[in-house]
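Note sheet for the following structure.
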Amino acid sequence: MRYGFGCDHAGFELKEVLIRELLAAGHEVVDMGTDSPERTDFAIYANKVAQAVSEGTLDRGVLVCGTGLGMAMAAGRFPDIRAVSVTDCFSARMSRRHNDANILCLGARVVGAGLAVEVLKTWMSEGFEGGRYAERLEMMRGGYKGGT
Ligand code: RB5
């Protein structure tokens, strides 16, 4: 599984922590920037990571900004991107099991590094349950042919 990472200035420090954790655990990581705490715009990096996941060159993405909110909004505009902004392990777990979230967004001004690492590990370890949850994703795409 190839994980793409992106952040803005507010998320830079936390992104570095998260990448170190994943590399230490032997995961494949693609760092798409930003590369310093110098002020920049979150949408640049959300777009890069979301486009790569949307096109299938990366399997999943992790985006870090101040709140996680702008990243989720920007990433969610791409086809087949299910981006969630999460601050707790329960939501991280359910976003994989029920929503098949493929981009996790974190707010470096909201969660500490310790919690962010746990949220990310939880999110990475969970699978999609499919079934009625897959039908609901189809409904989101507009392709659902079942009843109302
Ligand atoms: C940057 O100050 C901040 O607005 C950004 O990191 C993010 O929180 C936007 O959603």
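The values are calculated or read from the model by the stated rules, or taken from the named source; none is laboratory data. Since the structure is predicted, the reported quantities are computational estimates derived from the model, not experimental observations. Cβ atoms come from the backbone with ideal geometry, glycine included; neighbour counts cover every protein chain shown. In case anyone asks, the SASA skips ligands and DNA or RNA and just uses the protein heavy atoms, side chains included. Shrake-Rupley method; radii C 1.70, N 1.55, O 1.52, S 1.80 Å.
Before moving on, here are some points about what is shown:
- Some residue of region 20-33 being in contact (Cβ under 8 Å) with a residue 12 or more places away in the chain, within 16 Å of the ligand (Cβ to nearest atom) and buried (at least 24 other Cβ atoms within 10 Å of the Cβ): no
- Unmet criterion (only one of (1) within 16 Å of the chain's Cα centre (by Cα); (2) closer than 19 Å to residue 54 by Cα; (3) assigned to a helix (DSSP H, G or I)) for residue 134: (1)
- For region 113-123, the count of residues that are over 13 Å from the mean Cα position of the chain (by Cα), surrounded by 14 or more Cβ atoms within 10 Å (Cβ to Cβ) and in a loop (DSSP other than H, G, I, E, B) is zero.
- Whenever a residue of region 1-19 is over 14 Å from residue 121 (Cα atoms) and touching a residue at least 24 places away in the same chain (Cβ under 8 Å), its partners that are assigned to a helix (DSSP H, G or I) and of a type in the set (S, T, N, Q), lying with C-beta atoms within less than 9 angstrom and at least six residues away or across chains, give the pairs 6/47.
- For residue 28, the test of being among the charged types (D, E, K, R) and farther than 17 Å from residue 123 by Cα is failed.
- Test for residue 141: is it away from the ligand (no atom under 16 Å from the Cβ), modelled with pLDDT under 95 and open to solvent by 60 Å² or more (accessible area, probe 1.4 Å): yes
- Filtering region 1-56 to residues that are closer than 15 Å to residue 75 by Cα and out of contact with any strand residue (DSSP E or B) (no Cβ under 7 Å at 6 or more places or on another chain) leaves 41, 43, 44, 47, 51, 54, 55, 56.
- Some residue of region 58-71 being of a type in the set (D, E, K, R), open to solvent by 40 Å² or more (accessible area, probe 1.4 Å) and within 14 Å of the chain's Cα centre (by Cα): yes
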